[in-house]
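What follows is a single structure, written as structure tokens, with notes after it.
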Amino acid sequence: MTTPPIHSPLEQRLIDHIDQYGPITFEAFMEAALYDEAHGYYPSRRNQPGSTPVGTDGDYFTSPSSHPAFGALLALQLDEMWRSMGSPPEFTVVEMGAGDGVLGADISQYIEQELPDFAKCVSYISTDLAPPANSVSVGQTSQLPTGIVGCVISNELLDAFPVNRFVVQNGEVREIYVDFQDDKFVETIGDVSEPEISARVEPFLDSLPENYRGEVNLRIGYWADSVAATLESGYVLTIDYGYDRPELYKPTRIDGSLRCYYQHTLSQNPMGRIGKQDVTAHVDFTAVDHTLGVMGFERIGKPSQQQFLSNLGIEGFLGDIEQRSASGELSRSESQEDLAGVGSLIDPEGLGRFRVAVHSKGVDVDGEPLHAPSGVTGGTSLTEGHAAPTLNRAVADHARLLRASNPFSQSQPDAGTMPTWEELFSDDP
């Protein structure tokens, strides 16, 4: 006699709902798996003492977790934005989806240490659906302010929005739902639940092969509404991994972009480890541009993270670390860790492949449009005359990319069991 499987409370709630109402959209399934208040991935990981989804001991790395230079460079960009707007007496930075608050802590620390004039005028608000109890950010909240002058930052937020999934069958767009049959969660195919799903995919149908799979993120529109309500005038920085729609739905991406991460292990099986693994999908930047455009925002540019940080002067930080190592201010091991962390931010096969979408609204002086931010245009390095931040002086914890526990260090004996940067961000897991 086979013993029936034991289901977690979250799984049982999903099973009961499906039994009563029938199959659910993948968006609803992903919403529960990631954000269920009691057992969802983010609330459960963030509110357990000593537990975090980010970093060497978590499930994935982010740019803020890799090195404080990421926050420092954004601080320099924010300072330039503030000055270009005429140095208003109040400049508010709102980070949406701040998680454990590392980015906010790094930005705030660098402003205090290196940008004293800006520090007098800036306030930083970190917001998140589920602010963790151990956040290092001051002002962490679930509430968004309204009508600010400043900048809204979203770093790796949009890729965590629940998505609908589709499949192409007989030249039509069909939707992938989640059902529960024979004691397991399974996929089932049905008509699309929202017309917008078909509307986004149909322009590409002629080139898509049979059984092509993909994702549609309908939540981006709601995010754009929130950004518009929050920002009266200023800038929007949206940093994430994704493409414009023709690239996102290209024929060779036949299995879509959905990815699952568990302890730095990569898979495409969202039905496993429900509530215990991260689930993401590449961002549709065409939707970002369109939805913000409808709300009155202008797109300034969308460079890669490698290009954006290089334009800001990340090479100056690398040179500063090397000089401080040569002078003995930093030990050899400290400088190696710092150089590895800073270098990872512009790795063209890893974090450097992220996109930085820059939008603006109402940023003109006396009716004249402002010069585009240096992160987009390049020019004079913003790091000139400023010290590089280092891991040993950061107020927040960061990954030490050269430590033995680093899963991306290919010199480690067990490195073969872990994905590399390229594998994590590849379209072919």
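Data for the structure
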read-out: Whole-Hz couplings from phi, Karplus 6.51/-1.76/1.60, listed for the range 144-154; x for Gly and Pro; value: 8, x, 10, x, 8, 9, x, 8, 9, 10, 10
read-out: Surface accessible to a 1.4 Å probe, per residue, for the residues of the range 141-203, Å²; value: 43
read-out: Cα gyration tensor shape for the range 191-301, rounded if a/c is under 1.5, else prolate or oblate; value: oblate
read-out: Debye-sum result for the range 247-400 in log10 I(q)/I(0), which assumes one identical scatterer on each alpha carbon, at q = 0.09, 0.14, 0.18, 0.21 Å⁻¹; value: -0.46, -0.97, -1.18, -1.27
read-out: Mean Cβ neighbour count within 10 Å, used as a protection proxy, ranking 336-346, 389-399 highest first; value: 336-346, 389-399
read-out: For the range 220-274, accessible area per residue (1.4 Å probe, heavy atoms of protein chains only), Å²; value: 35
read-out: Coordinate range along principal axes, alpha carbons of the range 104-233, Å, largest first; value: 62, 38, 24
read-out: Those lysines that a straight Cα-Cα span of less than 24 Å connects to LYS250, excepting residues fewer than 8 apart in one chain; value: LYS302
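The values are calculated or read from the model by the stated rules, or taken from the named source; none is laboratory data. All figures in this text were calculated on a predicted structure; none of them were measured in a lab. Backbone-built Cβ (ideal geometry, glycine too); neighbour counts: all protein chains shown. Surface areas here come from the heavy atoms of the whole protein model, side chains and all, with no ligands, DNA or RNA. Shrake-Rupley method; radii C 1.70, N 1.55, O 1.52, S 1.80 Å.
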